[in-house]
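Visitor: Could you have a look at this structure, given as structure tokens, before my questions?
The values are calculated or read from the model by the stated rules, or taken from the named source; none is laboratory data. Source: prediction; values computed, not measured. Note that we place each Cβ from the backbone using ideal geometry, even for glycine, and neighbour counts take in every protein chain shown. Ligands, DNA and RNA are excluded from the accessible area calculation, which covers all protein heavy atoms including side chains. Shrake-Rupley method; radii C 1.70, N 1.55, O 1.52, S 1.80 Å.
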Amino acid sequence: HAKKQDHGQISYYHSFMNERLKNRVTLIKSLYEAVENREFDVHYQLQLDTTTNKVLGAEALLRWKLMQVSVPPSEFIPLAEEVGLINQINEIVLTKAILQLKDAGLLGTAIPKVAINISPMQFKTASDAHALLEVATRFADELPYVRFEMTETSVMENVDDALVILNQLCRMGASISIDDFGTGHSSLGRLKELPIDEIKIDRAFIRDIPGDPQGEVIVKTIIAMVQTMGLELVAEGVETNSQAEFLSNHGCSVHQGFLYARPAPVSELLDSPPLMKLLNLAGANSGNVTS
Ligand code: C2E
Ligand code: MG
Ligand code: MG
Ligand code: MG
């Protein structure tokens, strides 16, 4: 029915679509180049046990700059999945994270575990799955310090394939975490079949506590469920002291969020006195470190 519209509207529409298409094509082209040149940075966000004040791990979060401007992962990760670049991106993150943390002397010590996000696209086909396992095999020695995170939604989309790959990663020594928990529709029965070590409560629920009665019930229910299953639990997106207190008072003491630490490059972890203190590194109190 485009014919019924006047010419001005049609050409406006066309130029708008052309612009969008051009932007998309440019973005895809740039993403290919970035993968080719491995032009990504990895930032790390610490996870803390608030009862002991110990760092239990750090989540590796990918960063990409296109002409000095950061493109958020929520934009380029789905695009990478769409155009088939996600396996190569995962290889880059895993390799960079392990090598950077090892070089800094943090992996398995000050940072006992590094969490790596993986996408369900990575075992869509046998060759995708093979690529993921091939990279994992290359780091067989470090896998005990690696925890793979998959969102609840993506695991439940394809439980059967997830089960095979996650079991293999587990057998190789890695551990498994279910990310953004509570937003998907897990069947508890299926969840129990998976080789899961940890569950991460989605930030959306943390935002509502304390105060929102429904949010409080959801968080308390997830905590009880995870305790019954004997799994580890992390609350993500903890931003305020009252959120932290509510969680700790109800039995969830492992937190990740801006309240404690923002994602930062490894150099910053080693330069910032507050982060060094969290990491329990010698020199954390030395006065000559500025930042
Ligand atoms: P995610 O795995 O759930 O990661 C947590 C996100 O929450 C990160 O956003 C982190 O910066 C943010 N965050 C942490 N604490 C707080 C807080 O207190 N408040 C708020 N408002 N946000 C907080 P980021 O880095 O933008 O990543 C977004 C998503 O992109 C990730 O969600 C993950 O799904 C995906 N992603 C990031 N890096 C990778 C990667 O290397 N591979 C894959 N497949 N996905 C990735
Ligand atoms: Mg994650
Ligand atoms: Mg998450
Ligand atoms: Mg998320």
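Visitor: Using a Gaussian network for the chain with springs between C-alpha atoms less than 10 Å apart, which of these wobbles most: Arg138, Arg38, Arg262?
Guide: Arg138
Visitor: To continue, here is another question. With contacts defined as alpha carbon pairs under 8 Å and 6 or more residues apart, what's the relative contact order of the range 148-291 in percent?
Guide: Relative contact order, the range 148-291: 16 percent.
Visitor: Could you calculate the FRET efficiency of Thr183 with Leu21 from 1/(1 + (r/R0)^6), where r is the beta carbon distance between them and R0 is 30 Å, rounded to 0.05?
Guide: For R0 = 30 Å, the calculated efficiency reads 0.45.
Visitor: Can you run phi through the Karplus equation (6.51, -1.76, 1.60; θ = phi - 60°) for the range 64-70 and list ³J(HN,Hα) in whole Hz, with x for Gly and Pro?
Guide: With the stated coefficients, the range 64-70 comes to 9, 10, 10, 6, 6, 10, 5 Hz.
Visitor: How many percent of the accessible area of the chain is carbon or sulfur, using a 1.4 Å probe?
Guide: The C+S portion of the solvent-accessible surface of the chain is 52 percent.
Visitor: Residue by residue through the range 266-281, which ³J(HN,Hα) values in whole Hz follow from phi under the Karplus form 6.51 cos²θ - 1.76 cosθ + 1.60 (θ = phi - 60°), with glycine and proline marked x?
Guide: In residue order, the calculated couplings are 4, 4, 6, 4, 8, 10, 8, x, x, 5, 4, 5, 4, 7, 6, 9 Hz.
Visitor: On to the next question. What shape does the range 118-262 have by the C-alpha gyration tensor, where a ≥ b ≥ c are the square roots of the eigenvalues, rounded means a/c under 1.5, and otherwise prolate means a/b greater than b/c and oblate the rest?
Guide: On the way: a/c = 2.28, a/b = 1.80, b/c = 1.27.
Taking the square roots of the gyration eigenvalues as a ≥ b ≥ c, the range 118-262 is prolate.
Visitor: List every residue whose amide H lies under 5 Å from the amide H of Met172, counting only residues 5 or more places away in sequence or on a different chain, with H placed 1.01 Å from N in the peptide plane.
Guide: none
Visitor: Run the 1.4 Å probe and let me know the accessible area of Asp103, rounded to the nearest 10 Å².
Guide: For Asp103, solvent-accessible area is about 140 Å².
Visitor: Right, something else. Size of the dipole of the chain about the Cα centre, Lys and Arg at +1 and Asp and Glu at -1 on the beta carbon, nothing else charged, in debye to 20?
Guide: About 400 debye.
Visitor: Now, a different point. Give the total of Lys-Lys pairs in the chain with Cα-Cα distances below 17 Å; include a pair only if its members are 8 or more places apart or on different chains.
Guide: Count of close lysine pairs: 9.
Visitor: Convert each backbone phi in the range 148-155 into a coupling constant with the Karplus relation 6.51 cos²θ - 1.76 cosθ + 1.60 (shift: θ = phi - 60°), then list the ³J(HN,Hα) values in order as whole Hz, x for Gly and Pro.
Guide: 8, 9, 10, 6, 4, 4, 6, 5
Visitor: I want to verify a result. In a Gaussian network model of the chain, Cα cutoff 10 Å, which of these has the top mean-square fluctuation: Glu142, Glu75, Glu198?
Guide: Maximum fluctuation in the GNM of the chain, among the listed residues, is at Glu75.
Visitor: Cut-off 10 angstrom, C-alpha nodes, Gaussian network model of the chain. Which of Pro72, Pro210, Pro112 fluctuates the most?
Guide: Pro72
Visitor: With a probe of 1.4 Å, find how much accessible area the chain has per residue, and write the answer as a whole number in Å².
Guide: The answer is 52 Å² per residue.
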